[in-house]
1. For Cα pairs less than 8 Å apart in space and 6+ apart in sequence, what is the mean separation divided by the residue count of the chain, i.e. the relative contact order in percent?
2. Let me know the Kirkwood hydrodynamic radius for region 224-343, please, with Cα pairs as the basis and the value in Å to one decimal.
3. I'd like to know which of 414, 380, 347 lies farthest towards the positive end of the charge dipole of region 298-417, counting +1 on Cβ of Lys and Arg and -1 on Cβ of Asp and Glu.
4. Just subtract the alpha-carbon distance of residue 228 and residue 290 from 0.36 nm times their residue separation and send over the number in nm, one decimal.
5. Pop out the carbon and sulfur fraction of the accessible area of the chain as a percent, whole number, probe 1.4 Å.
6. How high is the relative contact order of region 32-152, in percent, counting Cα pairs under 8 Å that sit 6 or more residues apart?
7. If I compute volume of the Cα convex hull per residue in Å³ from the structure I just sent, which labelled value in (1) 178; (2) 217; (3) 148 lines up?
8. Please report the equivalent ellipsoid semi-axes of region 119-238, computed as sqrt(5 x eigenvalue) of the Cα gyration tensor, largest first, in whole Å.
Amino acid sequence: MRRALILVLLLGGIQLILPLGSFGQGSQALLTFGFLILAAYTVGEIAGAMRIPKIVGYLLAGVIFGPSVLNVVSQDGAERLTGVSNLAVGFIAFLAGAELQWQEVRENGVKLLKIMATEVGLSFVLLTAAIYGMTTFFDVIPEPTIQRNLAFSLLFATIAVVHSPAVTMALLTETQAKGPVARTTLGVVLLSDIVVVLLFTGMLWVARALVPVAGATASVGMVVWEIAGALLIGALIGFGVAAYLRFVGKELMLFAVLVTFFGLELTRALHVELLLTLLTAGFISENFSRDGERLRHAMERSAAPVFVVFFALSGAAIGLRQVAPLLPLMIPLALFRAGVLKVGVSIGSRWAGVSEVEQKYVWLGLVSQVGVAIGLTVIAAEAYPELGEQLRSLALAFIAINQTIGPVLFRRALEKSGELAKPGEVRVPEPALSTR
């Protein structure tokens, strides 16, 4: 009741104060940022009290206070906070790379690769076929042809196989879960993140080859540079970070923000893949420095309010008026994806020889989609304008379903497998789950 009263007071206060921010663009953005932190955090606490993952509360706050419902955070206000979303994506990518401990990769890499390869490969093939059938029998894209349908299906399927490192790490931090399901789920999510980034880059090139875009070039050299350049620049950033930690090692919270901003601007200037660059930088800095853990914890502290706003903005990006009419088409596709995930993980888990509890519950941790999936949707829509609007609307409706049910399913999997921390219990994180 107290939290609900706080939320009402926040809403009333922002309605009184927000008009004052219209006199200056910066103050308007700051007011929106501050309100989203407080409102999303409050809704998250209410969700937590109801045994619902706090992330769902953050997303719900974005929907409620965003342009679709109360419009406290207008479309213009959300766009002014695009930099916050970009910063959060950078944090997520860097932290995801830092989670790939070399010892863990060496000991369990083959097992994780078998599960990931089976799950991602099967999901991509079957989802491409399902989406192609959808474009054939339903009026999904304008002027459908075999080439346009196939290009659309490949791009959509690439987005559909994405998992959510942000949701996975946030839930493990919130619940302090520890055990084989938590560890295997995190490993599969992080490895698949790298593979999907490479897959998306390649499928974007294939789509442009199938249906050329006016004014855009699709060369193999560009694709190679986006990938190889990202690995090279990411490694240079990572070694630079490791050198700073060794010889300076001070003001790590500020340094974490500066590194992320530097990576964002550098990838934009050099036209390399952002996620792969910062994934590589995080992996190098973590595994080639004795103080990598200190930077990771500093980055987590810096990222905490950014992540709250990021999830809220992700919810605000889902326009209910645009999404609602598409739900009858997207809900069956989301259910089909969940079924494919279950089958893929089951086959891959048996191949990898993991425990029965992992075979049974890991797939529930792979349903969530937010962050990277939305980022790839925006990139695909901008890079492929002929199909961009249709792709954006359908993908956001699809992501909305998965990001709503995904955290709930993952928490249930951790609960059923007995890996949740008991009330009042403080756990020491395992090496493979250091972002707790």
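The values are calculated or read from the model by the stated rules, or taken from the named source; none is laboratory data. Predicted model only: the values in this text are computed from it and were never measured. Positions of Cβ are generated from backbone atoms using ideal geometry, with glycine treated the same way; all protein chains shown enter the neighbour counts. Ligands, DNA and RNA are stripped out before the accessible areas are found, and what is left, the full protein with its side chains, is counted by its heavy atoms. Shrake-Rupley method; radii C 1.70, N 1.55, O 1.52, S 1.80 Å.
1. Details: 645 pairs, mean separation 120.8, N = 436.
The normalised contact order for the chain reaches 28 percent.
2. Details: mean 1/r = 0.0595 Å⁻¹.
With all distinct Cα pairs of region 224-343 included, I get 16.8 Å.
3. 414
4. Working: separation 62, 0.36 × 62 = 22.32 nm, distance 2.67 nm.
Length gained, residue 228 through residue 290: 19.6 nm.
5. Working: 12640 of 18880 Å².
After summing per-atom areas, the C and S share lands at 67 percent.
6. 11
7. Checked against the structure: label (3).
8. Values: eigenvalues 191, 97, 20 Å².
Result for region 119-238: semi-axes of 31, 22, 10 Å.
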